Every structure is written in structure tokens, then in C-alpha cells.
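Beneath this line is the structure, given in C-alpha cells, with notes to follow.
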Amino acid sequence: DAGVTQSPTHLIKTRGQQVTLRCSPKSGHDTVSWYQQALGQGPQFIFQYYEEEERQRGNFPDRFSGHQFPNYSSELNVNALLLGDSALYLCASSWASLANYGYTFGSGTRLTVV
Amino acid sequence: KQEVTQIPAALSVPEGENLVLNCSFTDSAIYNLQWFRQDPGKGLTSLLLIQSSQREQTSGRLNASLDKSSGRSTLYIAASQPGDSATYLCAAGAGNQFYFGTGTSLTVIP
């Protein structure tokens, strides 16, 4: 049973560019959440997608956007990259209600902005 | 806003010791609390999930407790091993997100 799959694993982009990160949830999961983890910090919630809609959003600017597809996979897009966007981006999947099952995380995408 | 704090930030112990990692949260209105392990540069591995109605969960050498009223959770690791060296994160689930602490970096010395 495959867990959460993220691609790519590493990425280097130039300031001002745009990037797309991808996530396939664990089999049976229908909800995808994205987190940003800066070096030495705990993960910070970006947003959550359920039924192809953004259900909740954290304190991140509109440069961060996402999408969920009918097969529950998801993309995270970041426009106009800043040096401060360099971080580990984590995707987590769950089944419907956070209250019942918690999260399963992927291995993350390491984004470096130069 | 939910704030999660983990103490200590770093811990170094000799192999075989029992140890306790602490996690506190400011808002007791949580659905659950999840403990994760993170190896350097890697993603998060779930260790234990405690629902708000539960007091503790156990898996092998790990035991996690939850006291919602006091806003505290502890992770107990018995008979520590060098392979336990990692960063341990706790996360309080509320609404549709988890609120994370900054973690405890554990080093187990052979």
C-alpha cells in the first residue's frame, strides 16, 4: 500500500520564478494538506484541499496556490519566488476528518531559491 | 491561536536510558495529538496518535500521554537506542490543521 508520494524530491529555482510541487495521497485518503517547514522550525500549515476545493488556508500570501484533482492528487504552486520560500514542503493526506485519523506525511520536496 | 511548545529543544542521553519528551499547547479544544519522528532532511513519520477522548497510546517502546485540561502531552521512550536519534515533533489537531511545535532533537550515545 503506497504511502504519500511527493515529486520532485529536490528543486533549485531562481528568485522570481514559479514552481509546481506534486503530491499523491495515500490510497484511501481523500484530503490533502500542504505544510512549509523552514530549517530548524516546525511545519507551518499552508492550506488543505478536499473535494477539489480549498477548505482552509493558513497565513500564507496569495503567491501560494493549489489544486486538487478528481483522483485526489494535488499540486502546490508558488509564484514570484523569494529567497525566504526556501524550505522543505510537506504534503500530508488524511481521510475526511482530521479528528479521526490524523495525518500521513510524504518525504517532502526540498526547494532552494537562489 | 494555538501555540505548541516542546521542551527540551535538544537532549543527549546514553544508550539504554528511559527518557521523556514534553509538549504543551495553549488551547485545549483539540481533536487529537500526534507525535512524529523526523530524520535529518526527511519527511515526518507518525509514531502515535492520541484522540482527545483518550489518555494514552502505546507502541513498542513508546508511550504517549495526553492531558487536555492542562494542555500537555508527553512521549516516553523506554530503553533508548542509537537508532532513536532524530527530531521528535508533536502536533495538536484542531479545525482542519495540525499545529506543530519546533521539536526536540534527540541524540542517543552508544
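The values are calculated or read from the model by the stated rules, or taken from the named source; none is laboratory data. Predicted, not measured: the structure shown is a model, and the values here were computed from it. Glycine also receives a Cβ, built like all others from the backbone with ideal geometry; neighbour counts cover every protein chain displayed. These area figures cover heavy atoms from the full protein model, side chains too; ligands, DNA and RNA do not enter into them. Shrake-Rupley method; radii C 1.70, N 1.55, O 1.52, S 1.80 Å.
Among the residues of segment A:44-65, those identified as more than 14 Å from every other protein chain (Cβ to nearest Cβ) and open to solvent by 10 Å² or more (accessible area, probe 1.4 Å) are A:E52, A:P61, A:D62, A:R63, A:S65.
Here A:A80 fulfils each of the conditions (1) within 14 Å of chain B (Cβ to nearest Cβ); (2) not in a strand (DSSP E or B) apart from (1). Only one entry of A:Q41, A:Q36, A:Q18, A:Q68 meets the criterion of being within 14 Å of another protein chain (Cβ to nearest Cβ) and open to solvent by 70 Å² or more (accessible area, probe 1.4 Å), and that entry is A:Q41.
For segment A:86-104, the count of residues that are open to solvent by 10 Å² or more (accessible area, probe 1.4 Å), closer than 27 Å to A:T14 by Cα and more than 12 Å from every other protein chain (Cβ to nearest Cβ) is at least one. In segment B:76-110, what residues are open to solvent by 20 Å² or more (accessible area, probe 1.4 Å), within 14 Å of another protein chain (Cβ to nearest Cβ) and not in a strand (DSSP E or B)? If the condition is that a residue be open to solvent by 20 Å² or more (accessible area, probe 1.4 Å), within 14 Å of another protein chain (Cβ to nearest Cβ) and not in a strand (DSSP E or B), then B:G95, B:N96, B:T102 are the ones that fit. Scanning segment B:52-74 for residues that are surrounded by fewer than 18 Cβ atoms within 10 Å (Cβ to Cβ), touching a residue at least 12 places away in the same chain (Cβ under 8 Å) and in a strand (DSSP E or B) yields B:S59, B:L62, B:N63, B:D67, B:R72, B:T74. Taking the conditions exactly as written (within 23 Å of A:F47 (Cβ to Cβ), touching a strand residue (DSSP E or B) at 6+ places or on another chain (Cβ under 8 Å) and of a type in the set (G, A, S)), does B:A29 satisfy them or not? So B:A29 passes the test.
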